[in-house]
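The values are calculated or read from the model by the stated rules, or taken from the named source; none is laboratory data. The structure presented is a predicted model; accordingly, all values stated were derived computationally and were not measured. Cβ: placed from backbone, ideal geometry, glycine included. Neighbour counts: every protein chain shown. Areas reflect the complete protein model, heavy atoms only, side chains present, ligands, DNA and RNA absent. Shrake-Rupley method; radii C 1.70, N 1.55, O 1.52, S 1.80 Å.
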Amino acid sequence: MTETAAATTASTVTETKAATATATKTAPAKKKSSFSFNAGSLRQNGIYFAFAAIVLLFAVLTGGDLLQPQNLSNIIVQKSYILILAIGMILIIIAGHIDLSVGSVLAATGAFSAVLMVNHDVHWAIAIPLTLIMGGLIGAWQGYWVAYFGIPAFIVTLAGMLVFRAVTLVILGNQGIGPFPDTVRNMANGFTPGWFGNIALGPLGGADVITLLVGVALVASIVWTQWRARAARQKLGQSLEPFGLFLAKIIAPSIVLMFVIVQLARFKNLPWVLVLLGVLVVVYTLVTNRAVFGRHIYAIGGNINAATLSGVKVKQVTFWLFVNMGVLAAVAGIIFSGRLNLAGPTAGNSFELDAIAAAFIGGAAVQGGVGKVIGAITGGLIMAVIDNGMSLLGAGSEQVMLVKGLVLLAAVAFDVVTKRRAGASSR
């Protein structure tokens with residue numbers, strides 16, 4: 001009798017466990033996955049919807065002046081150096097650090113290039129590499145203190161902001177140096193030549209053929225990369241976004257890109273600085289998405305202890321990140337000085353704040369481990385559109401600073417909220 005009861009009890013427990021396991025595999029898990037996808041999708045794509053809304057708002061407020069060919073070209077040329085700095089800054093922030101010295105490094109390297117090319121008649125083909133080397137050495141100096149000496153990057157780069165501003169004043173003798181050679185000025189302000197002439201676009205007038213072909217090639221690359229990525233996820237059995245959303249992610253940026261390209265083609269073709277920026281975006285996107293070094297950056301920012309235990313050489317990666325930031329600051333310094341045709345002692349003031357704001361508005365996480373190069377570029381363009389749009393409206397500098405500050409706060413708050421919701425949904 002006792003054995004029968006025990007067998008019955010064991011059978012009941014087994015059936016209960018099986019029923020519980022079966023229930024666990026059903027609806028609740030599906031609901032959790034769906035919510036998680038929505039939160040993640042909102043976090044990844046919200047910046048692009050915000051950018052579109054800001055552009056549309058200022059286009060309406062300015063009566064369409066914001067989207068005129070010359071104005072779009074001006075936005076790109078005038079803010080190119082901030083976008084270059086934002087590329088380096090997003091990598092620093094992903095790794096969990098910050099760089100407050102990039103504005104001063106930009107000024108110091110721009111001054112160094114001016115002394116070489118203007119005062120000592122060094123050919124630009126020699127002066128530019130020497131300037132990039134100087135930027136790399138500055139980055140190595142700061143990277144050593146952060147990576148190998150263990151001083152927080154905030155302190156090291158805050159000191160660097162003061163030190164390299166002083167270096168700028170010493171190099172320039174507290175006065176501006178210029179003018180720069182024509183090649184450097186053309187690199188910062190010039191446009192690609194119209195090799196094949198113009199093509200008629202009906203009421204829009206003529207447009208450069210080469211610029212239009214570049215736009216078509218870029219759209220084709222967007223379609224190909226997105227389709228390839230979706231096919232790879234499908235092959236691995238990973239969850240896919242709805243096909244309608246997938247098409248929207250291809251069509252919307254393609255339309256925006258072709259609109260900008262057509263407007264540039266109607267004005268003075270592609271700015272050379274946009275070509276340089278495009279190359280940098282492609283290279284650094286590949287590095288962050290495909291290269292081992294890029295994966296290590298995300299690993300360090302996500303969990304430095306886990307990265308160390310996994311064999312990531314944290315000190316080396318951190319060191320080279322700051323070297324890279326110094327080189328990009330030197331590139332931006334040459335572009336900025338060439339655009340003004342003058343290396344001045346006040347160059348680069350507050351540029352570090354704009355670069356940091358571009359990274360955070362573009363989706364970088366305050367704690368590190370999250371961010372994309374294209375997101376930083378989008379964040380920089382948002383700041384540029386706000387600057388330009390409010391200038392067209394005749395707003396004062398205090399109003400521009402107020403709006404930019406609120407946009408930055410809103411972007412960080414959005415990041416915090418989406419993280420909390422994602423964390424709650426994973427429990």
Practice task
With respect to Ile334, determine if the residue is open to solvent by less than 70 Å² (accessible area, probe 1.4 Å) and within 30 Å of Ile151 (Cβ to Cβ).
Solution key: yes
Practice task
Mind telling me which of the residues Ala248, Ala217 ends up being farther than 30 Å from Ile335 by Cβ and out of contact with any Cys (no Cβ under 7 Å at 6 or more places or on another chain)?
Solution key: Ala248
Problem - helices (runs of 4 or more DSSP H) contained in region 261-323 and holding at least 2 residues aromatic (Phe, Trp, Tyr) and open to solvent by 20 Å² or more (accessible area, probe 1.4 Å) - result: 272-290, 292-302
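Taking the condition of being open to solvent by 50 Å² or more (accessible area, probe 1.4 Å) and either modelled with pLDDT of 70 or more or over 19 Å from Leu406 (Cα atoms) (or both), how many residues in region 32-66 meet it?
Step one: of region 32-66, the residues open to solvent by 50 Å² or more (accessible area, probe 1.4 Å) are 32-38, 42-44, 48-49, 52-53, 56-57, 60-61, 63, 65.
Add one more test, that the residue is either modelled with pLDDT of 70 or more or over 19 Å from Leu406 (Cα atoms) (or both), and what stays is 32-38, 42, 44, 48-49, 52-53, 56-57, 60-61, 63, 65.
Summing the residues that are open to solvent by 50 Å² or more (accessible area, probe 1.4 Å) and either modelled with pLDDT of 70 or more or over 19 Å from Leu406 (Cα atoms) (or both) in region 32-66 gives 19.
Could you say whether any residue in region 230-247 is in a helix (DSSP H, G or I), of a type in the set (Lys, Arg) and open to solvent by less than 60 Å² (accessible area, probe 1.4 Å)? Please lay out each step first, then the result.
The first filter runs over region 230-247 and keeps only residues in a helix (DSSP H, G or I), leaving 230-235, 243-247.
If we keep only those that are of a type in the set (Lys, Arg) as well, we get 230, 233, 235.
Next, from what is left, pick out any that are open to solvent by less than 60 Å² (accessible area, probe 1.4 Å): 230.
There is at least one residue in region 230-247 that is in a helix (DSSP H, G or I), of a type in the set (Lys, Arg) and open to solvent by less than 60 Å² (accessible area, probe 1.4 Å).
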Practice task
Return yes or no: is Gly394 farther than 30 Å from Ala127 by Cβ, at pLDDT below 90 and either acidic (Asp, Glu) or open to solvent by 20 Å² or more (accessible area, probe 1.4 Å) (or both)?
Solution key: yes
Exercise for the section: Collect the residues in region 371-391 that are farther than 15 Å from Gln78 by Cβ, open to solvent by 60 Å² or more (accessible area, probe 1.4 Å) and of a type outside the set (Lys, Arg), keeping them in residue-number order. Expected result: Ile374
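Is it fair to say Phe149 is within 28 Å of Gly368 (Cα to Cα), part of a helix (DSSP H, G or I) and open to solvent by 10 Å² or more (accessible area, probe 1.4 Å)? Steps first, please.
Details: within 28 Å of Gly368 (Cα to Cα): yes; part of a helix (DSSP H, G or I): no; open to solvent by 10 Å² or more (accessible area, probe 1.4 Å): yes.
So Phe149 does not fit the description; no.
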Practice task
Please give the number of the condition Ala329 fails out of (1) assigned to a loop (DSSP other than H, G, I, E, B); (2) open to solvent by less than 30 Å² (accessible area, probe 1.4 Å).
Solution key: (1)
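Conditions tested, residue by residue: (1) modelled with pLDDT of 90 or more; (2) touching an Asp or Glu at 6+ places or on another chain (Cβ under 7 Å); (3) not polar (S, T, N, Q).
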residue: Leu247; (1), (2), (3): no, no, yes
residue: Val256; (1), (2), (3): no, no, yes
residue: Val260; (1), (2), (3): no, no, yes
residue: Ala265; (1), (2), (3): no, yes, yes
residue: Lys268; (1), (2), (3): no, no, yes
residue: Leu277; (1), (2), (3): yes, no, yes
residue: Val281; (1), (2), (3): yes, no, yes
residue: Ala291; (1), (2), (3): yes, no, yes
residue: Gly301; (1), (2), (3): yes, no, yes
Practice task
Count, please, the residues in region 190-228 that happen to be open to solvent by 80 Å² or more (accessible area, probe 1.4 Å), outside any strand (DSSP E or B) and among the aliphatic types (A, V, I, L, M).
Solution key: 3
Handout entry: Checklist (1) among the charged types (D, E, K, R); (2) open to solvent by less than 50 Å² (accessible area, probe 1.4 Å); (3) touching a Pro at 6+ places or on another chain (Cβ under 8 Å) applied to Arg185, failing item
Key = (2)
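Considering each residue of region 84-132, count those that are within 23 Å of the chain's Cα centre (by Cα) and either open to solvent by less than 30 Å² (accessible area, probe 1.4 Å) or over 17 Å from Gly338 (Cβ atoms) (or both), and give that number. Before the answer, list the steps.
Let us first name the residues in region 84-132 that are within 23 Å of the chain's Cα centre (by Cα), namely 84-107, 109-110, 132.
From the residues that got through so far, the ones that are either open to solvent by less than 30 Å² (accessible area, probe 1.4 Å) or over 17 Å from Gly338 (Cβ atoms) (or both) too are 84-107, 109-110.
Looking only at that region, the number is 26.
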